[in-house]
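Derivation of every value follows stated rules applied to the coordinates shown; laboratory data play no part. It should be emphasised that the depicted structure is a prediction, and the values quoted were computed from it without experimental measurement. Please note: Cβ atoms are built from the backbone with ideal geometry, for glycine as well, and neighbour counts cover all protein chains shown.
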Amino acid sequence: MKIILTYPFLTGKGGMETVIKKVLQNTPDSIKMKLFLPGGSEDESWLDGINNDNVEIILHNHKNPLAMFLDTFKYIKAEKPNKVITMNNLQILPILMAKKFVKNMQVISWNHFSLKFTKANFLLKKCDSFLAISSGICDELKEMKINPEKIHLIYNPIDKPTKLIPLGNENTRRFIYVGRVQYKKQKNLAEMFEILGQLEFDFQLDIYGDGTKEEVNKLKNLAKMLGINSKINWHGWQKNVWNSIKKTDLLLFTSKYEGFPMAILEAIAHGIPVISSNCSSGPKDIVTSLNGKLYQLGNTSEAVKLLNDFYSGNLKFGSQEEIAKSVEKFYTENYIKDYFNIIQK
């Protein structure tokens, strides 16, 4: 079977790249898999270690959407795959155009974001099947009147960590954030800072991730205004972030929307509890009373109370071992088997 996995462009630093790499590294010999990125990848180092003989990586360097559109059409038409898996709605159109020239080709949507925040959702109705990475996306597809038999809930995988990250056990609580640095866009760190500005105890926030200069400056200015700038440590993007974190008490997450937040899953797998917004798609599939708490997005007073209760000991989670065990079903070995069983149907 010949399959093309495609997306317009990747930075090389996100959760999508992590998942794609696991799929490529574990592609069975019965499948000839090609990763096709018409816009390439800003950082290509994430592709290191993909050595399967039956996997090929094709990176082009188109910069404008029209060139990527035409390149996708031409490439799919020329390759004539059995199936195309796309993670981008707008890419469905050139794939459908190419499908007219490729007999019996199937189009599979593998969307990594809540459909409430993606463009051209009407094109999804033209796909043959769907990989949904969260129950939220499953529900959104059903709301679009997609046949439930075409929808497969698959989540996203992580490798089981070899060790837990120690908790702080100090009067000063140490929090972490892992992900893109954005002010009021998807990652919504402005809300996190507003929450932290209302806390009644000492804390330090370690931020692992980068963003545009404009977004970072907005957040630094907000931190100064809230009087918490001395409590925030900017570490930038780290290739092996979980090796960089020596100790922490809690992961904070304030996203407006997600698909399936890998940072939450990875933190819990390392024994770190989580307080997250109950945003569209993702957190509710991972966070339980054993490993964390969810607050209503935008309700900063609810989040402040959760953090104050955590500090005072009124909010307790499981042991680190229990926290890590709570996400066992997401480990790679189980995921890979399910993933390839579904796409080969």
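Rounded to the nearest 10 degrees, the inclination of helix 213-226 to the longest alpha-carbon principal axis of the chain is 20 degrees.
Spherically averaged projected area of the convex hull of Cα atoms, region 165-209: 3.5 nm².
Close amide H pairs (under 5 Å, H built 1.01 Å from N) link L5 with K34, L35, F36, I85, residues at least 5 positions away or on another chain.
Multiplying each eigenvalue of the alpha-carbon gyration tensor of region 208-248 by 5 and taking the square root yields semi-axes of 22, 14, 4 Å, largest first, rounded to whole angstroms. Phi angles across region 119-131 convert, under the Karplus curve 6.51 cos²θ - 1.76 cosθ + 1.60 with θ = phi - 60°, into 3J(HN,Hα) values of 8, 6, 4, 4, 6, 4, 5, 8, 7, 8, 7, 9, 9 Hz, Gly and Pro given as x. Just how many % of Cα pairs in region 264-345 lie over 16 Å apart, if you round to the nearest whole percent? So the pairs more than 16 Å apart make up 58 percent of the total in region 264-345. The shape of region 50-132 comes out rounded: with a ≥ b ≥ c from the C-alpha gyration tensor, a/c is under 1.5. Scanning residues 5 or more positions from G12 or on other chains, those with amide H under 5 Å from its amide H are E42, D43, with H placed 1.01 Å from N in the peptide plane. In plain terms, the bigger the Kirkwood radius, the slower the diffusion; for region 78-123, with that radius from Cα pairs, at 4 °C and 1.567 mPa s, Stokes-Einstein puts D at 116 µm²/s. What are the equivalent ellipsoid semi-axes of region 1-158, built from the alpha-carbon gyration tensor (square roots of five times its eigenvalues), in whole angstrom, biggest first? For region 1-158, the ellipsoid semi-axes come out as 22, 19, 16 Å. Under conditions of 37 °C and 0.692 mPa s, region 148-191 yields 217 µm² s⁻¹ as its translational diffusion coefficient, taking Rh as the Kirkwood radius over Cα pairs in the Stokes-Einstein equation. Put simply, when 251-257, 88-94, 298-304 are sorted by average Cβ atoms within 10 angstrom per residue, most first, you get 251-257, 88-94, 298-304.
Expressed per residue, the C-alpha convex hull volume of region 185-279 stands at 110 Å³.
Over all projection directions, the Cα-based convex hull of the chain averages an area of 17.0 nm².
Amide H to amide H, with H built 1.01 Å from N, S277 comes under 5 Å of F253, T254, S255, Y295, counting only residues 5 or more places away or on other chains. On a per residue basis, the convex hull of the C-alpha atoms belonging to region 100-145 measures out at 81 Å³. Of interest is the spacing of the C-alpha centroids, which for region 43-111 and region 15-37 amounts to 13 Å. With θ taken as phi - 60° and the Karplus curve 6.51 cos²θ - 1.76 cosθ + 1.60 applied, the whole-hertz 3J(HN,Hα) list for region 329-339 is 5, 8, 5, 4, 4, 5, 5, 4, 4, 5, 4 Hz, x standing for glycine and proline. The alpha carbon convex hull volume per residue for region 91-229 rounds to 177 Å³. Based on alpha carbons, the Rg and Dmax found for region 207-345 are 16.8, 56 Å.
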